[in-house]
């Protein structure tokens, strides 16, 4: 059962990564195509400006979900990595709880704006704006599930000490810290 869940999660985030690529390619094609049409043929496709903006909104939010799943968001671990294990656990709990609260606010805000966005129609494309801003539902729920998973694993003791610091170091930064430690010794 756990293997099936893990596979589903894996393919869900692979689909999100594919959507990011599709949005990026569509944006490039639409904007570049429109530039060529305007300069070479003195015409353009008015839909491409608006749709490229909408794809950018979706790309940003989908990318944020993927980055959160991979632990790729920026973070500052200067204080956290020097705390004892219990301090790291408290900080992780507070961090995840605050993010969960923000996701709840995001979901609530999207819900409260739903009726307005359903009736609001984009000027050029003519689609309901809920197709653009409705991504808030998906983002809030997916990120909240990630937060709840981390909180569950933290409260049940399934998180290792390395996972308590939620910042992934780059290779260059690790090399600099290693050199700094060697210089101090």
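Report, to the nearest 10°, how far helix 46-70 tilts away from the longest principal axis of the Cα atoms in the chain, using its own Cα long axis and a range of 0 to 90°.
For helix 46-70, the angle is close to 10 degrees.
Listing 152, 39, 61, 137 from the residue with the fewest other Cβ atoms within 10 Å to the one with the most, what is the order?
Placing the least packed residue first, the sequence is 39, 152, 137, 61.
Can you tell me which of 52, 128, 43 moves the most in a GNM of the chain? Springs connect C-alpha atoms under 10 Å apart.
Largest GNM mean-square fluctuation: 43.
Which of 116, 148, 79 moves most in a GNM of the chain, Cα contacts under 10 Å?
Ranking 116, 148, 79 by mean-square fluctuation puts 79 first.
May I ask you to sort 85, 118 by Cβ crowding, counting other Cβ atoms within 10 Å and putting the fewest first?
85, 118
List 107, 37 from most exposed to least, where exposure is judged by having the fewest other Cβ atoms within 10 Å.
The order, fewest Cβ neighbours first, is 37, 107.
Given contacts defined as C-alpha pairs under 8 Å and at least six residues apart, what's the relative contact order of the chain, whole-number percent?
Over the chain, the number comes to 24 percent.
Where does helix 2-41 land angle-wise versus the long Cα axis of the chain, in degrees 0 to 90, nearest 10?
Relative to the chain, helix 2-41 is tipped by roughly 40 degrees.
Take the alpha carbon gyration tensor of the stretch 1-72, find the square roots of its eigenvalues, order them as a ≥ b ≥ c, and report rounded if a/c is under 1.5; if not, report prolate when a/b exceeds b/c, else oblate.
Prolate, because a/c is 1.5 or more and a/b exceeds b/c.
Pairing the Cα long axis of helix 85-119 with the longest principal axis of the chain, what angle in degrees results, from 0 to 90 and rounded to the nearest 10?
With both axes taken from Cα atoms, the answer is about 20 degrees.
By how many nm would the segment from residue 156 to residue 78 grow when fully extended, if each residue of separation counts as 0.36 nm and the alpha-carbon distance is taken off? Spell out each step's value before the answer.
Numbers: separation 78, 0.36 × 78 = 28.08 nm, distance 2.61 nm.
Difference between extended and current length: 25.5 nm.
Values quoted throughout were computed directly from the atomic coordinates according to the rules given, and no laboratory measurement underlies them. These numbers come from a predicted model, not from an experiment. Positions of Cβ are backbone-derived with ideal geometry, glycine not excepted, and every protein chain shown enters the neighbour counts.
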